[in-house]
Amino acid sequence: KEERSLNFLEEIIEADLASGKYKTIMTRFPPEPNGYLHMGHATSICLNFGLTKKYGGSTNLRFDDTNPVTEDTEYVESIKNDIKWLGFEWANELYASDYFEQLYNMAVTLIKKGLAYVDDSSSEAIAEQKGTPTQAGRRNEYAERSIEENLQLFADMRAGKYKDGEKVLRAKVDMASPNMLMRDPLLYRIKHAHHHRTGDTWCIYPMYDFAHGQSDSIEKITHSICTLEFVPHRELYDWLIKKLEIYPSHQYEFARRNLTYTVMSKRKLLQLVNEKHVAGWDDPRMPTISGMRRRGYTPESIREFCDRIGIAKRDNVVDISLLEFFVREDLNKRAQRRMVVFDPVKVVITNYADPDGEELLTSENNPEDPNGGTREVPFSNEIYIEREDFMENPPKKYFRLAPGQMVRLKSAYIIKCEEVIKDENGTVTELRCTYIPESKSGSDTSGIQVKGTLHWVSVKHAITAEIREYDRLFKVEDPSSEEGDFKEYINPDSLKVIRAAYAEPALKNAHYDERFQFVRKGYFVLDKDSSTSGMVFNKTVGLKDGWKA
Ligand code: ATP
Ligand code: MG
Ligand code: MG
């Protein structure tokens, strides 16, 4: 495996371990259970779990479930499933909501220190009083409340005496700070809403800034890694830890990972699902981990992709073809080769005396894998080849089938096209060919050299399967930065369905966890829509980077 240089977080951790600042490190992955995980999350997962895998220590899975309205247990289950599938194990499954009582007590501590107060102002008034970045804000009369009064009011907030928005708890920090987030930020808000875990126990909920750092501290997280938009939050993160005199976790930031031709925000992905632009969160066109799994991406290739591109300190958009490159590289090593004809034209081999039973030819499952083994492929006097592999009036250097021209049938014989049969519209309906009996693959004594090799299936042995081929979900590289609504840029032709392709019979035994290369076609995987009445295959990725803008 190629060596890559250390990323900036690895440098920090190596220095922290070398200096003895920490004996062991602790990270966490903190998803909000308000959607399915996407490739951006995969970056964060590979980073957080990867660091403790490399340096020892452990990683918690902490559901950041402090917002009761948007969260759901369906999401919790999908998130756990996706992390496991990616190949990582968390030390503890934790929920920020399990800390609600502790967080409440921390807020009480701040009140007792004179560092927090209950404010009755409207959110508009609070925003107005905060001032602007160039102009200091001003405190209102509520900031003058006594500690006793604040303790009583905060207890009353918890007890449900007030309606949503009637009161908030604010930290008393600095209304003149150049960092707007330090101007007496909100710590708690009232929300009479049912929570997916705590039910109706609480009607006040902590803000992100009051829950996240405190949860890190409770879990003794050493390196709390988040994305760049939290840089301005770090000052408050540190302030709260210091004033509460709790375990000093540290926050580090890296750039969000984005991919071309897609969107990577749960809010936008949810719109695609709800408005039925896709078939669900796990639609194979979605940049979600579940979508990529269904598409046939392997966890190995996603991990390799995340590791190789590393992390940055500036937001960046990575070309999706780079991810596809890693997928293709991995699948080439593990995919079983099978022959499938998508758009058939019948070939009748006139001099082949179809024996009673059948002739079984032997074909390698994977030339890249010495232990891949072989399989038997039945041959007969009637086969299908791809319609596009025949041309009646070919240009020079056309090595596929044409009148009077020879090609090899993969793992079988050389055939020669003798006659073209057409219907009244001029459409080719059948090709009459002869075969060279001495040209059998593996024991060819014919001495004939041909340049083209075609995939094929025997007509009477073929099974049919539905094929789903995917293109980019969006027509533009960065739909979120375009004018207007991002959904205006959805590619209307991102799904192409072939109702009945003809496959060699070995494909009948395909399993969901197997990967296939359909010879000359690309990589494919069995889709969950398959049933006893029909198989469905998803195209994972093409054999080459054939896609052009
Ligand atoms: P979204 O905008 O999709 O809702 P989020 O950051 O709100 O993303 P969280 O559930 O809070 O979603 O994310 C969990 C973790 O994953 C966070 O630590 C977050 O920083 C990280 N993360 C989310 N999106 C990306 C991304 N595009 N690149 C890198 N890390 C990400
Ligand atoms: Mg978040
Ligand atoms: Mg979000």
Could you tell me the distance between the Cα centroids of the stretch 55-126 and the stretch 213-234, to the nearest Å?
11 Å
Rounded to whole angstrom, the alpha-carbon centroid of the stretch 423-488 lies from that of the stretch 491-543 at a distance of 13 Å
Which FRET efficiency, nearest 0.05, do Ala143 and Ala279 yield, Cβ-Cβ r, R0 51 Å?
0.45
Multiply the residue separation of Ala125 and Val231 by 0.36 nm, subtract the distance between their alpha-carbon atoms, and state the gained length in nm to one decimal.
35.6 nm
Longest span of the chain, sites excluded, free of GluC sites (Glu not before Pro) in DSSP loop with at most 16 other C-beta atoms within 10 Å?
4-88
Could you give the nm distance between label points at Arg308 and Ser533, where each point is 7 Å from its Cα heading toward the beta carbon?
4.3 nm
Listed by chain and number, the lysines with an alpha carbon less than 24 angstrom from that of Lys346, same-chain partners under 8 positions apart left out, are Lys397, Lys410, Lys416, Lys422, Lys440, Lys451, Lys460, Lys496, Lys508, Lys521
Suppose every Lys and Arg Cβ carries +1 and every Asp and Glu Cβ carries -1, with no other charges. What dipole size does the stretch 340-455 come out with about its Cα centre, to the nearest 20 debye?
560 debye
May I ask you to list the aspartates and glutamates whose Cα is less than 13 Å away from that of Lys163, ignoring any residue fewer than eight positions away on the same chain?
Asp120
Rounded to one decimal in nm, the spacing of the 7 Å Cα→Cβ label points at Trp85 and Gln271 is 2.5 nm
For the chain, build the charge dipole from Cβ charges (+1 Lys, Arg; -1 Asp, Glu) around the Cα centre, then report which of Phe486, Leu186, Asn366 sits farthest towards its positive end.
Asn366
Roughly how many debye, to the nearest 20, is the charge dipole of the stretch 21-71 about its Cα centre, given +1 on each Lys and Arg Cβ, -1 on each Asp and Glu Cβ, and no other charges?
520 debye
Multiply the residue gap between Lys422 and Ala155 by 0.36 nm, knock off their C-alpha separation, and tell me the result in nm, one decimal place.
87.5 nm
Taking the Cα centre of the stretch 82-180 as the origin, how large is its charge dipole in debye, to the nearest 20, when only Lys and Arg (+1) and Asp and Glu (-1) carry charge on their Cβ atoms?
300 debye
Fully extended contour minus Cα-Cα distance, from His192 to Thr134, at 0.36 nm per residue:
17.3 nm
Kindly give the semi-axes, whole Å and largest first, of the ellipsoid equivalent to the chain, taking each as the square root of 5 times a Cα gyration tensor eigenvalue.
62, 23, 20
If amide hydrogens are placed 1.01 Å from N in the peptide plane, which non-local residues have theirs closer than 5 Å to the one on Asp65?
Ala96, Ser97
Summing -39500 (n - 2.57) over every DSSP H run of at least 4 in the chain, dividing by its residue total and rounding to the nearest 500, the 222 nm mean residue ellipticity is -8000 deg cm²/dmol
Pull the list of the chain cysteines that no other Cys approaches to under 4.7 Å, Cβ to Cβ.
Cys203, Cys226, Cys417, Cys433
Defining a contact as two alpha carbons under 8 Å apart and six or more residues distant in sequence, what relative contact order in percent does the stretch 8-254 show?
18 percent
Pop out the ³J(HN,Hα) list for the stretch 455-463 in order, Karplus 6.51 cos²θ - 1.76 cosθ + 1.60 with θ = phi - 60°, rounded to Hz; leave Gly and Pro as x.
8, 7, 9, 6, 4, 6, 9, 5, 10
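Read-outs throughout are calculated quantities, based only on the coordinates presented, and are distinct from any laboratory measurement. What you see is a predicted model, and the numbers here were worked out from it, not measured in a lab. Reconstructed Cβ throughout: ideal geometry from the backbone, glycine too, with neighbour counts over all protein chains shown.
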